[in-house]
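The structure under discussion appears below in the form of structure tokens.
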Amino acid sequence: MAAFKDHFSTRSSGYAAFRPGYPTELFEYLASLTPGHDLAWDCATGSGQAAQGLAGHYTRVWATDASVAQIDAAAPQAGVEFRLAPAQASGLPDRSVDLVTVAQAAHWFDLPAFYAEVRRVLKPDGLLAIWCYERLTIEPTLDAIVEEFYGGLLGPYWPQERRLVESGYRDMDFPFAELPAPAMPMTASWTLDQLLGYFSTWSALKAYQKATGEDPLPVLREHLALAWISLDQAKTIKWPLSVRLGRI
């Protein structure tokens, strides 16, 4: 069984503060596809962004993560039970779950072991939903700077699993009866410093800093600031959201 690859525990507080939220329409759509609404399992919950969205549609949300630091950084939420657990061992009873979700994390998993756990815990007609968001866009001048940072400077430092995200999980093994998923992009209105906070959570940035002993964010900020014009102004950030849905 593959070891847990922990790329985010050292940045758990930043992850909680700077990762974008998911659209409310996503959780409404998922809830419309499950006959029951008693229990949802949000696997690799991180600091609980997806769990929060599920809590409005399911009586209980079982939110697990293999990282102690991520669980500790999660804010308490009504109806959400945070637990330390790996993806392949949820701690839930057989056939007890209406919906299993994995947000921006399935590419790190031992997928055969996780899928076996999904088959064990899902109720008949239960649903598995995994999703990821791809490279952000703002406006052409800023996008060119971000692309050079992402693919140029940090390109060699991205883990190989990142390729699955860049393909929108289309290349990921998904041995379930698949359902169509509507397009629903993620958006956020962020200042330049909020955007830089998001960049600070990237696994490739951590790897670059560890390898070189340098922090590239101050230089990146200078380049972006010239094109941002008014630094107090928030800009609309967009991410393509790729969702895969399946039943046993």
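The values are calculated or read from the model by the stated rules, or taken from the named source; none is laboratory data. Bear in mind the structure is a predicted one, so any value in this text is a computation, not a measurement. Quick reminder, even Gly has a Cβ in these numbers, built from the backbone with ideal geometry, and neighbours come from all protein chains shown.
A compact table of results
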item	result
Helices (runs of 4 or more DSSP H) within region 116-233 that include 2 or more residues under 25 Å from THR24 (Cα atoms) and not hydroxyl-bearing (Ser, Thr, Tyr)	162-166, 192-199
Breaking point among (1) under 29 Å from GLY197 (Cβ atoms); (2) surrounded by 15 or more Cβ atoms within 10 Å (Cβ to Cβ); (3) of a type outside the set (Gly, Ala, Ser); (4) at pLDDT 95 or above, for GLU28	(2)
Candidate set: region 128-161, residues that are touching a Lys or Arg at 6+ places or on another chain (Cβ under 8 Å) and hydroxyl-bearing (Ser, Thr, Tyr); chosen: the one nearest to LYS210 (Cα to Cα)	TYR150
Qualifying residue in region 35-47 (condition: modelled with pLDDT of 95 or more, more than 20 Å from ASP125 (Cβ to Cβ) and surrounded by 15 or more Cβ atoms within 10 Å (Cβ to Cβ))	yes
Unique match (being surrounded by 15 or more Cβ atoms within 10 Å (Cβ to Cβ), in contact with a Lys or Arg (Cβ under 7 Å, 6 or more places away or on another chain) and either under 17 Å from VAL243 (Cβ atoms) or free of Cβ contacts under 8 Å to residues at least 60 places away in the same chain (or both)) among GLY79, GLY91	GLY79
Within region 54-68, considering residues that are of a type in the set (Gly, Ala, Ser) and more than 21 Å from PHE114 (Cβ to Cβ), the one surrounded by the fewest Cβ atoms within 10 Å (Cβ to Cβ)	GLY56
Residue selected from region 201-239 under the condition surrounded by 18 or more Cβ atoms within 10 Å (Cβ to Cβ) and of a type in the set (Gly, Ala, Ser), by the criterion nearest to GLN104 (Cα to Cα)	SER203
ASP171, sole failed condition from (1) in contact with a helix residue (DSSP H, G or I) (Cβ under 9 Å, 6 or more places away or on another chain); (2) closer than 30 Å to TYR115 by Cα; (3) surrounded by 15 or more Cβ atoms within 10 Å (Cβ to Cβ)	(3)
Which numbered condition ARG11 fails, given (1) modelled with pLDDT of 95 or more; (2) charged (D, E, K, R); (3) crowded, with 19+ Cβ neighbours inside 10 Å	(1)
Filtered residues of region 127-178 (kept if hydroxyl-bearing (Ser, Thr, Tyr) and touching a strand residue (DSSP E or B) at 6+ places or on another chain (Cβ under 7 Å))	TYR133, THR137, TYR169
Which numbered condition VAL243 misses (of (1) under 21 Å from the mean Cα position of the chain (by Cα); (2) farther than 24 Å from ALA51 by Cα; (3) touching a residue at least 40 places away in the same chain (Cβ under 8 Å))	(2)
Enumeration of residues in region 72-112 that are acidic (Asp, Glu) and either farther than 25 Å from LEU33 by Cβ or not in a strand (DSSP E or B) (or both)	ASP72, ASP94, ASP110
Any hit, region 190-209, residues being out of contact with any Cys (no Cβ under 8 Å at 6 or more places or on another chain), farther than 30 Å from GLN88 by Cβ and either without any contact (Cβ under 8 Å) to a residue 12 or more places away in the chain or of a type in the set (Asp, Glu) (or both)	yes
Positions within region 156-168 being loosely packed, with under 12 Cβ neighbours inside 10 Å and modelled with pLDDT of 95 or more, in sequence order	PRO156
Pair list, Cβ under 6 Å, 6 or more apart: region 20-47 residue in a loop (DSSP other than H, G, I, E, B), other residue surrounded by fewer than 15 Cβ atoms within 10 Å (Cβ to Cβ)	PRO35/ASP125; ASP38/THR59
